[in-house]
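Report on the structure given below.
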Amino acid sequence: MAVSRVEERRKVFTQYKEDVQRRGKPFYPYAMLHDSIMSVVVVSVIIGLAVIWKWTTPDDHTGFNPNGTTDNPSQSGWLGKLLDDPADPGTISFVPRPDWYFYFLFYLLRIFKWPDSVILGTIGIPTIALLLLIALPFIDVRAERRPLRRPVATVGAILAVLSMGVLTYKGATAKETLGTEELANVPTWAAKEGFATNKVAVKGAQLFALSGCLNCHTYNGSGGHNLGAPDLSAEGAKRRGIKFQVAHLECPSCVRKGSPMPSFKNLGPANLEALATFLEASRGAK
């Protein structure tokens, strides 16, 4: 079987060389030259668009800036804004969504929940599919091109296209509610920590779940350690007080020099007070 495949490939290669000499052009240098020219054109277009985007951004007073700077980064040029408004780490309404070509992976994350199977959904399945795609030309070396005579490859391609299409559509139409899973943990937190009857602390716990705090901190088994952020399950046991917590939330680097934590001042005094009350009420599971 292996010998016949090698002979078949040699026969096909010999036929290809004869066809090239008789009525075609070899890949090198003709096709290679065409690809190089097209690559230069594509890169030139990208650079041109970047220059236009940068240099046509208007300033506040004189229209277009010849030096590409802007007094108001949020104003748009011919191709859009130079910069967006500064990110607000205290927002509780922004729902991040990927670009359309990642919608399939976005929806896989909804199917494979953390922590048990998220690696399978985000790395396992896409990697296996990609490896099969790369290996296919080495597995099937026949010269046959008619789809009806290659049923396995044809069915596989159809299933792959349908799967990607369905996952992309489902990801594009998926309804997201920020912090839904974290918010569902609040009653459990309140019962464990003993602040279920403290309405202000419960409100603070809800803000804690919705404001992205668990992206860095952990609390009663939820969240993840990032940038050295501590576990806050027993923060209140340190007896720092509401005033300290509010000041730290408003300007973390002012209270702790070099702190990478962003400011949550934009949440407003009432919400900061609720968050501080929640943190002070968190004194470890009862």
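Observations, loosely collected:
- Residue selected from segment 252-273 under the condition without any contact (Cβ under 8 Å) to a residue 40 or more places away in the chain and of a type in the set (K, R), by the criterion surrounded by the fewest Cβ atoms within 10 Å (Cβ to Cβ): K257
For (1) more than 30 Å from E144 (Cβ to Cβ); (2) modelled with pLDDT of 70 or more; (3) of a type in the set (S, T, Y); (4) outside any helix (DSSP H, G or I), each residue gets a yes or a no:
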position	(1), (2), (3), (4)
T14	no, yes, yes, no
K17	no, yes, no, no
V40	yes, yes, no, no
V43	yes, yes, no, no
L49	yes, yes, no, no
G68	yes, no, no, yes
S74	yes, no, yes, yes
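- From the options E280, E235, E273, E250, residue that is at pLDDT 90 or above, closer than 22 Å to A87 by Cβ and among the charged types (D, E, K, R): E250
- Near pairs, Cβ below 7 angstrom, 6+ apart or cross-chain, from segment 210-229 (at positive phi and modelled with pLDDT under 85) to any residue that is outside any loop (DSSP other than H, G, I, E, B) and surrounded by 13 or more Cβ atoms within 10 Å (Cβ to Cβ): G223/L214
- The helices (runs of 4 or more DSSP H) found entirely in segment 146-216 that carry 3 or more residues being within 30 Å of L133 (Cβ to Cβ) are 151-173.
The values are calculated or read from the model by the stated rules, or taken from the named source; none is laboratory data. Note that the coordinates shown come from a computational prediction; the quantities given were computed from them, not determined experimentally. When we count neighbours, we look across all protein chains shown, and the Cβ atoms used for this are built from the backbone with ideal geometry, even at glycine.
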